[in-house]
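Below you'll find the structure, written out as structure tokens, and then a few comments.
The values are calculated or read from the model by the stated rules, or taken from the named source; none is laboratory data. Everything numeric here is computed off the predicted structure, so don't read it as measured data. Here Cβ is always computed from backbone atoms with ideal geometry, including for glycine, and neighbour counts include all displayed protein chains.
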């Protein structure tokens with residue numbers, strides 16, 4: 001399917017691919033931090049502008065075109081990755097590294113409704129997916145990365161199982177465009193983007209379903225951040241329901257998400273566990289970080305929460 005059609009879209013994607021290639025050859029590396037850490041680092045004296053490629057493409061700081069290697073500014077222009085800010089410029093994209101792979105995603109701050117997320121949750125999600133792939137004993141013929149964003153889950157699966165059909169599903173066309181570019185950057189040829197609300201636009205069953213959905217309550221309803229429901233768990237529960245309906249025999253769901261803990265109890269775990277047990281799926285649940293997005297506890301939806309935990313739920317059809 002074409003997510004950015006026509007010659008202009010193809011040329012933009014080609015320039016973006018070339019841009020990342022130049023960065024790769026330069027030795028560029030960047031681990032994307034949380035928004036709060038990003039803000040703190042960028043507001044330190046001396047960090048007002050970028051003086052390195054990491055400052056331009058990682059920290060999203062304004063820069064003078066003279067600091068870029070010859071030809072890079074033109075590649076950014078062709079990739080539609082530039083915005084002018086007074087006498088300086090800023091990149092519309094960030095480029096992060098995950099092991100040896102490069103992923104293009106939205107620049108900081110991610111304030112628009114179609115921002116494409118990548119951050120600490122992505123790294124924890126990747127660890128969970130990799131652990132499952134390394135431990136799995138049954139074949140994977142068909143897999144899907146739900147709420148794929150920049151596509152890291154799909155890329156990991158497609159590289160590990162190159163003969164599998166891998167679907168990248170998201171409701172955000174901007175995310176699917178970058179997921180397609182990121183798959184090409186990883187030399188992956190068996191991952192296909194689908195504009196889909198969970199699995200609404202795709203058919204059939206899956207041997208592996210992975211998901212790193214939004215799980216917070218976002219007043220702006222940004223697609224990459226808002227999970228729905230009173231505590232942000234609505235979308236995660238919908239993915240659990242999709243797994244009940246669409247897992248193949250011996251198929252597995254690996255869901256990385258966040259769960260608000262209230263007075264020691266975890267409403268998401270209780271609701272998900274009840275549904276999975278009722279469907280006779282074997283499941284496990286593990287907190288991989290007991291305290292994430294602590295600043296959200298100051299907002300109205302979380303006024304009764306003790307904490308928000310990052311969790312991995314794994315469910316397998318018997």
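Only a single item in (1) within 23 Å of the chain's Cα centre (by Cα); (2) in a strand (DSSP E or B) is not met by residue 282, and it is number (1). Which ones in the stretch 25-59 are in contact (Cβ under 8 Å) with a residue 40 or more places away in the chain, buried (at least 17 other Cβ atoms within 10 Å of the Cβ) and in contact with a strand residue (DSSP E or B) (Cβ under 6 Å, 6 or more places away or on another chain)? Hits for the stretch 25-59 are 30, 32.
Exactly one residue out of 232, 228 is farther than 15 Å from residue 284 by Cα, modelled with pLDDT of 95 or more and out of contact with any strand residue (DSSP E or B) (no Cβ under 8 Å at 6 or more places or on another chain), and it is 228.
Of all residues in the stretch 290-306, those satisfying the criterion of being surrounded by 15 or more Cβ atoms within 10 Å (Cβ to Cβ) and on the phi < 0 side of the Ramachandran plot are 292, 296, 297, 301, 302, 305, 306. In the stretch 256-278, of all residues being in contact (Cβ under 8 Å) with a residue 12 or more places away in the chain and assigned to a strand (DSSP E or B), the one that is surrounded by the fewest Cβ atoms within 10 Å (Cβ to Cβ) corresponds to 262. If you check residue 211 against the conditions, is it surrounded by fewer than 18 Cβ atoms within 10 Å (Cβ to Cβ) and modelled with pLDDT of 95 or more? No; evaluated as a whole, the condition is false for this residue.
No other residue among 75, 82 is free of Cβ contacts under 8 Å to residues at least 24 places away in the same chain, closer than 20 Å to residue 177 by Cβ and either in contact with a helix residue (DSSP H, G or I) (Cβ under 6 Å, 6 or more places away or on another chain) or exposed (fewer than 15 other Cβ atoms within 10 Å of the Cβ) (or both) apart from 82. Among the residues making up the stretch 170-202, those that are part of a loop (DSSP other than H, G, I, E, B), within 19 Å of residue 225 (Cβ to Cβ) and in contact (Cβ under 8 Å) with a residue 40 or more places away in the chain are 171, 172, 198.
Selection of the stretch 190-201 for residues being touching a strand residue (DSSP E or B) at 6+ places or on another chain (Cβ under 8 Å) and either closer than 13 Å to residue 147 by Cβ or buried (at least 23 other Cβ atoms within 10 Å of the Cβ) (or both) yields 191, 193, 194, 195, 196, 198, 199.
Considering only residues that are assigned to a helix (DSSP H, G or I) and crowded, with 18+ Cβ neighbours inside 10 Å, which ones fall in the stretch 245-255?
Passing the criteria: only 246.
Tell me whether the stretch 85-93 contains one or more residues that are under 21 Å from the mean Cα position of the chain (by Cα) and surrounded by fewer than 19 Cβ atoms within 10 Å (Cβ to Cβ). Checked the stretch 85-93: at least one residue is under 21 Å from the mean Cα position of the chain (by Cα) and surrounded by fewer than 19 Cβ atoms within 10 Å (Cβ to Cβ). Would you mind stating whether residue 167 is touching a residue at least 12 places away in the same chain (Cβ under 8 Å), crowded, with 20+ Cβ neighbours inside 10 Å and over 22 Å from residue 30 (Cα atoms)? For residue 167, the condition - touching a residue at least 12 places away in the same chain (Cβ under 8 Å), crowded, with 20+ Cβ neighbours inside 10 Å and over 22 Å from residue 30 (Cα atoms) - is met. Taking the criterion of being modelled with pLDDT of 95 or more and assigned to a loop (DSSP other than H, G, I, E, B), the residues of the stretch 116-136 that qualify are 116, 118, 119, 136.
Taken over the stretch 214-240, the criterion of being within 19 Å of residue 273 (Cα to Cα) and surrounded by fewer than 16 Cβ atoms within 10 Å (Cβ to Cβ) is satisfied by 230 alone. Close Cβ contacts (under 9 Å, 6 or more residues apart or on different chains) running from residues in the stretch 226-246 that are without any contact (Cβ under 8 Å) to a residue 60 or more places away in the chain and at positive phi to residues that are assigned to a loop (DSSP other than H, G, I, E, B) and surrounded by 22 or more Cβ atoms within 10 Å (Cβ to Cβ) comprise 228/214; 228/217; 229/217.
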